[in-house]
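Trainee: Please find one structure pasted underneath; my questions will follow.
The values are calculated or read from the model by the stated rules, or taken from the named source; none is laboratory data. Given the structure is predicted, the values throughout are model-derived calculations rather than measurements. Neighbour counts run over all protein chains shown; Cβ positions are idealised from the backbone, glycine included.
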Amino acid sequence: MPKSDLVLLAIDDEQILQLFERALAAGSYGVAVARDHAALDMALQESSPALIIISQKFDKADELEIAANLLERFPTLPILLFFQQDSPEALRKQYT
């Protein structure tokens, strides 16, 4: 991924968000932030991110459903799901 690429952070936990922003800025990546679904939709209308990072329970929703919906709309967009804790139920849900 070239350094000028934009990474869209769909993260509503302020501490985790700041950690990701600092790490990506240190790598000279562009960063856009969405703290809820409306902001995520708006960011996707206004930009073309190279990657989306979605946090666990983003905006109190199911992160796997969010990712699935985004992949239907943007089938080539890389999506990374960030879990703060082990989530065996998420893995079971994915493979059932």
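Trainee: Could you grab me the full set of residues in the stretch 42-86 that are part of a helix (DSSP H, G or I), among the small types (G, A, S) and under 10 Å from the mean Cα position of the chain (by Cα)?
Mentor: The one that is part of a helix (DSSP H, G or I), among the small types (G, A, S) and under 10 Å from the mean Cα position of the chain (by Cα): A67.
Trainee: Sticking with this structure for a sec: Of the numbered conditions (1) surrounded by 12 or more Cβ atoms within 10 Å (Cβ to Cβ); (2) modelled with pLDDT of 90 or more; (3) not in a loop (DSSP other than H, G, I, E, B), A38 satisfies every one except a single condition; which is it?
Mentor: The single condition A38 does not satisfy is (1).
Trainee: Of all residues in the stretch 1-35, how many are in a helix (DSSP H, G or I) and surrounded by 14 or more Cβ atoms within 10 Å (Cβ to Cβ)?
Mentor: 5
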